[in-house]
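First the structure, in the form of structure tokens, and then the observations on it.
The values are calculated or read from the model by the stated rules, or taken from the named source; none is laboratory data. Given the structure is predicted, the values throughout are model-derived calculations rather than measurements. Ideal geometry is used to build each Cβ from the backbone, glycine not excepted, and the neighbour counts take in all protein chains shown.
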Amino acid sequence: MADKKAQLIIEGAAPIELPVYSGTLGPDVVDVRGLTSEGVFTFDPGFMATSSCESKITYIDGDKGVLLHRGYPIEQLAEKSDFLETCFLLLKGELPTAAEKEKFDNTIKNHTMVHEQLKNFLNGFRRDAHPMAIMCGVVGALSAFYHDSLDINDPHHREISAIRLIAKMPTIAAMVYKYSAGQPMMYPRNDLSYSENFLHMMFNTPAEIKPISPVLARAMDRIFVLHADHEQNASTSTVRLAGSSGANPFACIAAGIAALWGPAHGGANEAVLRMLDEIGDVSNIDSFIAKAKDKDDPFKLMGFGHRVYKNFDPRARVMKQTCDEVLGELGINDPQLELAMKLEEIALSDPYFAERNLYPNVDFYSGIILKALGIPTEMFTVIFATGRTPGWIAHWNEMISNPYKIGRPRQLYTGYTQRDYPNK
Ligand code: SDX
């Protein structure tokens, strides 16, 4: 039911009345669907001002630097919740009771193993393949193993697919790392928590099983929480668009992984570390800031800026605090952290960044923590994808469990008008 009306007046045509809806938070939206019958399209490359859907999962206030998951601020979830509880919240809409949490944790634990044949699938890749290339392939291939649960209109199939994806992403991520390192893959263990298990599969070997530091496991878990969901970002919108064709959930998540890989999106955490390596020393910061400001130079300050946040990304603040905790726990004095902090200080004092509301985003500090945890740079976006899986699945499920239409944008065509094939 429209709350208000808008009028679109195009010269020489009668005014077009459009409904306007208000959400519980955020800007009003103008429903432009009626424009097609008036022979008019909207034009919004990059979807700067387009709401693609109605959702109840996550709300972002870019001006205030607010991020809510089902109404709960990310700062509170990062401090008081854990990743599996956040997964439950995103999927179900409410925090679990103690009994629900125990059941959910156990259900996830009972789905962490992958089919043994999947190991053979990995063997088709070169050992030096980029981990995200392997993730795209392996996650997409999961649908080949689960013929029993691909009816997207069956809520039970959607539920078991969500469980399988959340449970198996860490196992696959660790398998991909072990494959590139030439080490044997480690099976998941049901006596460990989700993030302990991931670090176990990543860094233990059959020759030596070391206990996982609870501080590092907590830091890993918090990194997953900070990446869990972020409204209609590029990869989540990709998952929704793929899902709108009726594709199975594994194919949709594989599409999301592919979209996340780009350096403008989830690939930024890897790009931040490479940028800090390239800058090398505080004395070079000014020249790189100049490059970032130069319109003729494609270089951008990785980990800075955001389509929605025109204030600090609240996740970056928590990430920076976690960074200090992890480096303190490990007794690491990382020169790259010093360099990052100096870069942040100089950039934030520069009018170019201030005028454009360019602040550090979630990716600016995450790479430094991941490096301190011993995770190789090329695995950073795999970590992001593992953390983002519950968000992708929650949005896919929200779309499929409500009336939806296949996503099919239109265009402003500026090519040739009709012409005839030349007589030869
Ligand atoms: C993520 O959408 C999400 O929610 C994503 C994410 C999630 O959780 O899913 O939050 C995760 O992807 C975080 C962003 C990670 N990417 C980076 O850190 C890469 C560097 N950042 C930029 O590529 C850029 O800031 C984007 C892509 C993040 C946002 O780009 P926009 O919204 O399209 O903004 P824009 O390119 O139009 O920039 C506006 C102005 C431009 O200058 P003018 O043309 O106005 O003169 O700011 C400039 C840009 O050139 N600018 C930068 C810059 N980012 C924007 N200049 C230098 N360095 C930068 N990083």
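Worth pointing out:
- Flag if Ile368 is more than 12 Å from the ligand (Cβ to nearest atom), touching a residue at least 40 places away in the same chain (Cβ under 8 Å), assigned to a helix (DSSP H, G or I) and not basic (Lys, Arg): yes
- Search result, residues across region 233-243 that are farther than 11 Å from Trp392 by Cβ and within 8 Å of the ligand (Cβ to nearest atom): Ala234
- Elements of type helices (runs of 4 or more DSSP H) in region 198-309, at least 1 residues being more than 19 Å from the chain's Cα centre (by Cα): 214-226, 268-279, 285-293
- Subset tally (residues that are more than 16 Å from the ligand (Cβ to nearest atom), among the aliphatic types (A, V, I, L, M) and either within 30 Å of Pro403 (Cα to Cα) or in contact (Cβ under 8 Å) with a residue 12 or more places away in the chain (or both)) for region 192-232: 10
- Of all residues in region 353-365 being in contact (Cβ under 8 Å) with a residue 60 or more places away in the chain and outside any loop (DSSP other than H, G, I, E, B), the one that is farthest from the ligand (Cβ to nearest atom): Tyr365
Results for (1) farther than 16 Å from Ser237 by Cβ; (2) modelled with pLDDT under 95; (3) surrounded by 17 or more Cβ atoms within 10 Å (Cβ to Cβ), shown as yes or no for each residue.
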site	(1), (2), (3)
Glu54	no, no, no
Thr58	no, no, yes
Glu75	yes, no, no
Leu91	yes, no, yes
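- Taken together, Leu84, Leu118 contain a single residue that is in a helix (DSSP H, G or I), over 27 Å from Arg315 (Cα atoms) and in contact with a helix residue (DSSP H, G or I) (Cβ under 7 Å, 6 or more places away or on another chain), which is Leu118.
- Test result for Leu412, in contact (Cβ under 8 Å) with a residue 24 or more places away in the chain, away from the ligand (no atom under 12 Å from the Cβ), assigned to a loop (DSSP other than H, G, I, E, B) and surrounded by fewer than 23 Cβ atoms within 10 Å (Cβ to Cβ): yes
- Close contacts from region 106-121, counting a first residue that is closer than 16 Å to His200 by Cβ and a second that is surrounded by fewer than 18 Cβ atoms within 10 Å (Cβ to Cβ), with Cβ to Cβ under 7 Å and a gap of 6+ residues or different chains, come to Lys109/Asn190; Met113/Tyr187.
- Set Gly71, Gly65: member being without any contact (Cβ under 8 Å) to a residue 24 or more places away in the chain and either surrounded by 13 or more Cβ atoms within 10 Å (Cβ to Cβ) or more than 14 Å from the ligand (Cβ to nearest atom) (or both): Gly71
- Each residue in region 96-139 was checked for being basic (Lys, Arg) and crowded, with 17+ Cβ neighbours inside 10 Å, and 1 of them qualify.
- Whenever a residue of region 1-12 is loosely packed, with under 10 Cβ neighbours inside 10 Å, its partners that are of a type in the set (D, E, K, R) and modelled with pLDDT of 95 or more, lying with C-beta atoms within less than 8 angstrom and at least six residues away or across chains, give the pairs Gln7/Glu17.
- The set of residues in region 49-66 being aliphatic (A, V, I, L, M), assigned to a loop (DSSP other than H, G, I, E, B) and either touching a Ser or Thr at 6+ places or on another chain (Cβ under 6 Å) or under 22 Å from Arg388 (Cβ atoms) (or both) consists of Ile57 alone.
- Scanning region 371-407 for residues that are under 25 Å from Ser245 (Cβ atoms) and more than 16 Å from the ligand (Cβ to nearest atom) yields Asn397, Glu398, Met399, Ile400, Ser401, Asn402, Pro403, Tyr404, Lys405, Ile406, Gly407.
- Any hit, region 164-185, residues being in contact (Cβ under 8 Å) with a residue 40 or more places away in the chain, within 27 Å of Pro263 (Cα to Cα) and part of a loop (DSSP other than H, G, I, E, B): yes
- Residues of region 313-352 that are in a loop (DSSP other than H, G, I, E, B), modelled with pLDDT of 90 or more and either within 16 Å of the ligand (Cβ to nearest atom) or acidic (Asp, Glu) (or both): Asp313, Ser349, Asp350.
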